[in-house]
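The values are calculated or read from the model by the stated rules, or taken from the named source; none is laboratory data. Keep in mind the model is a prediction, meaning the values are calculated, not measured. Here the Cβ positions follow ideal geometry from the backbone for every residue, glycine too, while neighbour counts run over all protein chains shown. Just the protein is used for accessible areas: all its heavy atoms, side chains included, with ligands, DNA and RNA removed. Shrake-Rupley method; radii C 1.70, N 1.55, O 1.52, S 1.80 Å.
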Amino acid sequence: MQVVLNAISDPTRRAALALLKDGEECCVCELMARLNASQSRMSRHMKVLQDAGLVIGRRDGKWVRYRRNRDLAPEFAAVIDAVLTA
């Protein structure tokens, strides 16, 4: 749980999760534009979320497209949803 809480402690990571909330898939370039973040910064944020198991990345040519992990344990998903709703 601590890894998940650390991952969602950053406002940019929470905003990225919110953009991916309804099953939407985004590449780093789309997240950069929506969240006004640099490529390196956004990539680092997505790595933290991926390492915590909150998002899954898939290769699409030279891009990595991210989506929320649908297989996240229900108790973790409930915490994420509560934080994003608050």
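Taken over the stretch 8-41, residues that are more than 15 Å from ASP81 (Cα to Cα), outside any loop (DSSP other than H, G, I, E, B) and either without any contact (Cβ under 8 Å) to a residue 12 or more places away in the chain or not aliphatic (A, V, I, L, M) (or both) amount to 11.
Checking each residue in the stretch 1-41 for being more than 16 Å from ARG58 (Cβ to Cβ), of a type in the set (Val, Ile, Thr) and open to solvent by less than 70 Å² (accessible area, probe 1.4 Å) picks out VAL4, ILE8, THR12. For the stretch 1-33, a residue qualifies if it is among the charged types (D, E, K, R) and within 14 Å of ARG65 (Cβ to Cβ), and the qualifying residues are GLU24, GLU25, GLU30.
Among the listed residues VAL55, VAL83, identify the single one that is of a type in the set (A, V, I, L, M) and at pLDDT 95 or above. Lay out the reasoning, then the answer.
Details: VAL83 fails: at pLDDT 95 or above.
Step by step, each of VAL55, VAL83 is checked, and only VAL55 is of a type in the set (A, V, I, L, M) and at pLDDT 95 or above.
Among the residues of the stretch 42-80, those identified as of a type in the set (Lys, Arg) and part of a helix (DSSP H, G or I) are ARG44, LYS47. The number of residues in the stretch 42-86 that are touching a residue at least 12 places away in the same chain (Cβ under 8 Å) and surrounded by 13 or more Cβ atoms within 10 Å (Cβ to Cβ) comes to 25.
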